[in-house]
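The next block holds one structure in the form of structure tokens; read it before the comments.
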Amino acid sequence: QVQLVESGGGLVQAGGSLGLSCAASGNIFRINTMGWYRQAPGKQREMVATITSTSSTNYADSVKGRFTISRDNAKNILYLQMNSLKPEDTAVYYCNAVGGGPIAAYRYNVWGQGTQVTVSS
């Protein structure tokens with residue numbers, strides 16, 4: 001069993017900053033890609049940023065230059081630093097982890113429960 005627990009969400013003024021964390025625990029084996037996804041009310045869930053075990057990153061166009069994803073492989077923690085926040089960033093942010101190595105029986109794709117980020121104007 002792999003568990004992901006997000007933290008750091010909250011209310012922030014537009015233009016402000018907020019940092020999110022995602023702690024992975026349980027029967028973790030070879031986490032490969034981790035990522036942040038978000039879903040606003042009435043909207044489809046979208047990818048925000050992903051990062052591989054070798055620190056290759058990918059960002060949604062809407063957050064490039066403002067958000068930074070990083071990870072601590074030793075501690076199994078994923079981070080998302082959000083700067084210059086906009087009201088349209090308001091959403092529930094979810095942590096995701098994919099891994100398990102080359103053997104199919106050990107692979108996993110796990111989601112956290114989400115953390116609310118609200119950006120006021």
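The values are calculated or read from the model by the stated rules, or taken from the named source; none is laboratory data. These figures come from a predicted structure and were not determined experimentally. Virtual Cβ from ideal backbone geometry, glycine too; neighbours counted across all protein chains shown. Note: areas computed on protein heavy atoms with side chains; ligands, DNA, RNA excluded. Shrake-Rupley method; radii C 1.70, N 1.55, O 1.52, S 1.80 Å.
In terms of accessible area, using a 1.4 Å probe and ignoring ligands and nucleic acids, E6, E88 rank largest first as E88, E6.
Accessible-area rank, largest first, for R107, R45: R107, R45, with all protein chains present and a 1.4 angstrom probe.
For S56, the accessible area of its heavy atoms, probed at 1.4 Å with every protein chain present, is near 70 square angstrom.
Within the shell of other residues whose beta carbon sits under 12 angstrom from the beta carbon of E88, the net charge comes to +2, with Lys and Arg scored +1 and Asp and Glu -1.
When the solvent-accessible area of the chain is split by element, carbon and sulfur atoms take up 48 percent of it, the probe being 1.4 Å. Straight-distance candidates among the lysines for linking to K43, with alpha-carbon spacing under 30 Å and chain neighbours fewer than 8 residues away dropped: K64, K86. Of the whole protein surface, V48 contributes about 0 Å² of accessible area at a 1.4 Å probe radius.
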